[in-house]
Amino acid sequence: MRLNQNTMLLGKKVVLVPYTSEHVPRYHEWMKSEELQRLTASEPLTLEQEYAMQRSWREDADKCTFVVLDAEKWQAQPGATEESCMVGDVNLFLTDLEDPTLGEIEVMIAAWDRRVGVGASLLAPLSSLRGVTTLGLTKFEAKIGQGNEPSIRMFQKLHFEQVAASSVFQEVTLRLTVSESEHRWLLEQTSHVEEKPYRDGSAEPC
């Protein structure tokens, strides 16, 4: 999404940067994992296909994608490349043409201990700063495999509630409706997050 191509979100545990061509090789290596393919319901792609997907996502008006960096590693190592600090990605999809206030969130943590605190620390700024403040969303959904208990707990920690289950697709749908009180809570969770300008590969640790 062009809307976030020049935006970086700097938090205590994670840094969210736009998904660029620099990140594709590492992402491609992750997605060779059968476990990640299963958890994300993804098919393996060639490296050329991954580059094409990255370009498509960047231009697409209904996908907001950030790569997740380990903030401690990124800040502790001057000159460290973003690729070497990558731990996952987080996506916000605007897929319901009849309801422009609804966004679907996906999270993948590939190279880190998949702790609830880490997931919440990257979901909150995306929901609050990008979703509510910038895109005007008031509802968020996540579709998660029924056996992916860590991911389900992570979303529940952010007040998502289960609203549907599919035996056919073996997944559950969780939803967060952002009331005034929920919005205040999200803003409290993201009070430490800094929004900074970003250029491809040129973000520098503070």
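Residues being under 25 Å from Glu149 (Cβ atoms), touching a Cys at 6+ places or on another chain (Cβ under 9 Å) and not charged (D, E, K, R) are entirely absent from the stretch 78-87.
Does at least one position in the stretch 41-48 carry a residue that is free of Cβ contacts under 8 Å to residues at least 24 places away in the same chain, assigned to a loop (DSSP other than H, G, I, E, B) and open to solvent by less than 60 Å² (accessible area, probe 1.4 Å)? It would help to see each step written out before you state the result.
Step one: list which residues in the stretch 41-48 are free of Cβ contacts under 8 Å to residues at least 24 places away in the same chain, which gives 42-48.
Filter once more, so that each one left must be assigned to a loop (DSSP other than H, G, I, E, B): 42-46.
Then keep just the ones that are open to solvent by less than 60 Å² (accessible area, probe 1.4 Å); that gives 42, 45.
Looking through the stretch 41-48, at least one residue is free of Cβ contacts under 8 Å to residues at least 24 places away in the same chain, assigned to a loop (DSSP other than H, G, I, E, B) and open to solvent by less than 60 Å² (accessible area, probe 1.4 Å).
Does Glu22 count as touching a Ser or Thr at 6+ places or on another chain (Cβ under 8 Å) and in a helix (DSSP H, G or I)?
Values: touching a Ser or Thr at 6+ places or on another chain (Cβ under 8 Å): yes; in a helix (DSSP H, G or I): yes.
Yes: the conditions hold for Glu22.
May I ask you to list the residues in the stretch 140-162 that are small (Gly, Ala, Ser) and not in a helix (DSSP H, G or I)?
Ala142, Gly145, Gly147
Which of the residues belonging to the stretch 69-80 are of a type outside the set (D, E, K, R) and at pLDDT below 90? Give the steps one after another, and end with the answer.
First pass over the stretch 69-80, keeping only residues of a type outside the set (D, E, K, R): 69, 71, 74-80.
If the condition is that a residue be of a type outside the set (D, E, K, R) and at pLDDT below 90, then Ala71, Trp74, Gln75, Ala76, Gln77, Pro78, Gly79, Ala80 are the ones that fit.
Remark: pairs (first residue in the stretch 170-192, over 12 Å from His159 (Cβ atoms); second residue open to solvent by 50 Å² or more (accessible area, probe 1.4 Å) and of a type in the set (Val, Ile, Thr); Cβ separation under 7 Å; 6+ apart in sequence or on different chains) = Thr173/Val163. The lone criterion from (1) under 21 Å from Asp99 (Cβ atoms); (2) in contact with a Ser or Thr (Cβ under 8 Å, 6 or more places away or on another chain); (3) modelled with pLDDT of 85 or more left unmet by Phe169 is number (2). Could you please give the count of residues in the stretch 80-95 that are open to solvent by 60 Å² or more (accessible area, probe 1.4 Å) and without any contact (Cβ under 8 Å) to a residue 40 or more places away in the chain? Total meeting the criteria: 1. Has the stretch 61-74 got at least one residue that is in contact (Cβ under 8 Å) with a residue 60 or more places away in the chain, open to solvent by 60 Å² or more (accessible area, probe 1.4 Å) and part of a helix (DSSP H, G or I)? No: the stretch 61-74 contains no residue that is in contact (Cβ under 8 Å) with a residue 60 or more places away in the chain, open to solvent by 60 Å² or more (accessible area, probe 1.4 Å) and part of a helix (DSSP H, G or I). Of all residues in the stretch 154-178, those being touching a helix residue (DSSP H, G or I) at 6+ places or on another chain (Cβ under 6 Å) and open to solvent by 70 Å² or more (accessible area, probe 1.4 Å) number 1.
All told, Lys12 falls short of being free of Cβ contacts under 8 Å to residues at least 24 places away in the same chain, surrounded by fewer than 19 Cβ atoms within 10 Å (Cβ to Cβ) and more than 30 Å from Pro100 (Cα to Cα).
The values are calculated or read from the model by the stated rules, or taken from the named source; none is laboratory data. Please read these numbers as outputs of a predicted model, since none were measured by experiment. No Cβ is skipped: glycine too gets one built from the backbone with ideal geometry, and neighbour counts run over all protein chains shown. Accessible surface is based on the protein model in full, side chains and every heavy atom, while ligands, DNA and RNA are left aside. Shrake-Rupley method; radii C 1.70, N 1.55, O 1.52, S 1.80 Å.
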